[in-house]
Amino acid sequence: MPYSYFAGCKIPYYLPEYGSSTLALLNRFDIELQDLEFNCCGYPVRDIDFQSFLLAGARNLALAEQKSTDIVTPCKCCFGSLKFVEYYLKQREPIREQINAMLRPEGLQWEGRTEVKHLLTVLHQDVGVDALRTAVVNSLEGLKIAIHTGCHALRPGNVTMYDNPFAPGIFDDLVAVTGAESVFWSMSTECCGNPQWDKNQKLALKQMQRKLRNARQAGADYVCTACTYCQMQFEQKSQSDLIPIDNEPFIPAVLISQLIGLSIGLEEGALGLKDYIGQKLLVSA
């Protein structure tokens, strides 16, 4: 079954390497993708205009329904937003009717037939751990990875239905495929701080510094993310501001699509590994 690929707004502009590595990875395993005229998932306006948030998400879901495809997205904020809209509209028929009335001029209607999946779920369930492991040509054995799952996929668990919100395991399974070790760190499921960046930078930096310090104390070589906003927080904010932690260099952040892609031999150009991120990874491979 083909998927409609939902890149979201941030990936094409801020993290094109997440998009290119995701597409290369899914293409390697013959996952058929379609491009639709999606709009923003609605996340930025959720607390400003809730109806616009619902309409934005419902339009995306209706577009995929029209093509009889499910949606796959590498962005956990987009994933969480679309899952919330789906859950909310299923529970509230009057609001669902209002939203569908607004979609009708475009010939669209949301009926709840489309499933939204995060990239990790597609890799774990559709491609499968065994197929991924068989494809590995560059073992990353010896590399220690601190997995950062991200908030929007895990919570609220009854809405996203992604993984166990208290003891998630999908991400660990996928890192293990590469030969790398997923280290235990106590702050792995706590927020990265990105949602606070435009409101309280001091708090956002404190959250990030605490997490990176915890990951370093656990012996991690890298933090690994599968969320656009988390990667931007760890990578771009740390790299651009050169934020020290206990007077030590920060821990680089790598995307899961890059980590798996490197282990299965995808071209470096598609992976988009930056020099300061890729050096140790390339040596390991």
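Every read-out reported here was derived from the displayed coordinates using simple, explicitly stated rules and does not represent laboratory data. Bear in mind the structure is a predicted one, so any value in this text is a computation, not a measurement. Neighbour counts run over all protein chains shown; Cβ positions are idealised from the backbone, glycine included.
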List, in the order given, every pair from Lys90/Lys199; Lys10/Lys117; Lys67/Lys90; Lys83/Lys199 whose Cα-Cα distance in the structure shown is over 24 Å. Lys90/Lys199; Lys83/Lys199
Return the sequence-ordered ³J(HN,Hα) values of the stretch 27-37 in whole Hz as given by the Karplus equation 6.51 cos²θ - 1.76 cosθ + 1.60 applied to θ = phi - 60°, using x for Gly and Pro. 5, 4, 9, 6, 7, 7, 10, 10, 9, 10, 7
Normalise the Debye intensity by I(0) for the chain, one equal point scatterer per Cα, no solvent, then take log10 at q = 0.07, 0.14 Å⁻¹ and round to two decimals. -0.25, -1.00
Taking the stretch 1-95, which GluC sites (Glu not before Pro) meet the DSSP loop condition and have no more than 13 other C-beta atoms within 10 Å? Glu32, Glu37
Taking a crude spin-label model, label points 7 Å out from Cα along the C-beta direction, the Ile48 to Leu33 distance in nm is 2.8 nm
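At most 15 other Cβ atoms within 10 Å and a DSSP loop assignment: could you name the trypsin sites (Lys or Arg not before Pro) in the stretch 165-215 that fit? Present the calculation step by step, with values, prior to reporting the outcome.
Details: sites: Lys199, Lys202, Lys206, Arg210, Lys211, Arg213; in loops: Lys199.
Those that pass, being in a loop and sparsely packed, are Lys199.
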Highest mean first, what order results for 73-80, 146-153, 169-176, 91-98 on Cβ atoms within 10 Å? 73-80, 146-153, 169-176, 91-98
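Could you list the square roots of 5 times each eigenvalue of the Cα gyration tensor of the stretch 3-118, that is, the equivalent ellipsoid semi-axes, sorted largest first and rounded to whole Å?
Equivalent ellipsoid semi-axes, largest first: 25, 16, 11 Å.
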Once amide H atoms are built 1.01 Å from N in the peptide plane, which residues 5 or more positions from Leu255, or in another chain, come under 5 Å H to H? Thr225
